[in-house]
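What follows is one structure encoded as structure tokens, with my remarks underneath.
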Amino acid sequence: MLQNVLPPESFKMQYAFAGGDIVDAAVFVKGKVIPIDSKFSLENYNRFAEAADGQDKLNYEKTFVNDLKLRISETAKYIRPDEGTMDFAFMFIPHEAIYYDLLVNKVGDEENLIQRAASKYKVIIVSPTSFLAYL
């Protein structure tokens, strides 16, 4: 996706930090790095989406939400201003429907996961469409 919208010198796939951690991608803007991670489990979402209403659906939703919370905290570890990153990171969700469900709070408890990610962890959850808008 980055290859289609950015010049090659403005991003790097599999960007390595000094300690050896590797983020999926990095975009370079005005001498700073925007880390982009796309850790995401579609399987848990599919189980939730395909489950009939009832306890199974609630259990799958809880599993999916916990998975997302874990992915958000994992993405936050790439925010390293001492290594030249911005004070935020992008968590890329490659599925517009899931992003929409998160945006309108159809998934999760009373707390909106997109707002939680941004306020608590400085992680901005993006989809293919919103990613381009943020850039």
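The values are calculated or read from the model by the stated rules, or taken from the named source; none is laboratory data. The structure presented is a predicted model; accordingly, all values stated were derived computationally and were not measured. Ligands, DNA and RNA are excluded from the accessible area calculation, which covers all protein heavy atoms including side chains. Shrake-Rupley method; radii C 1.70, N 1.55, O 1.52, S 1.80 Å.
What 222 nm value per residue comes from the helices of the chain, counting each DSSP H run with n ≥ 4 as -39,500 (n - 2.57) and dividing by all residues, nearest 500 deg cm²/dmol? Numbers along the way, then the final one.
Values: 6 runs with 54 residues, N = 135.
Mean residue ellipticity at 222 nm (helix-derived): -11500 deg cm²/dmol.
Entry comment: accessible area of the chain is 55 Å² per residue, from protein heavy atoms only and a probe of 1.4 Å.
Residues whose amide H lies under 5 Å from that of Val33, counting only those 5 or more places away or on a different chain, are Thr85, Met86; hydrogens are built 1.01 Å from N in the peptide plane.
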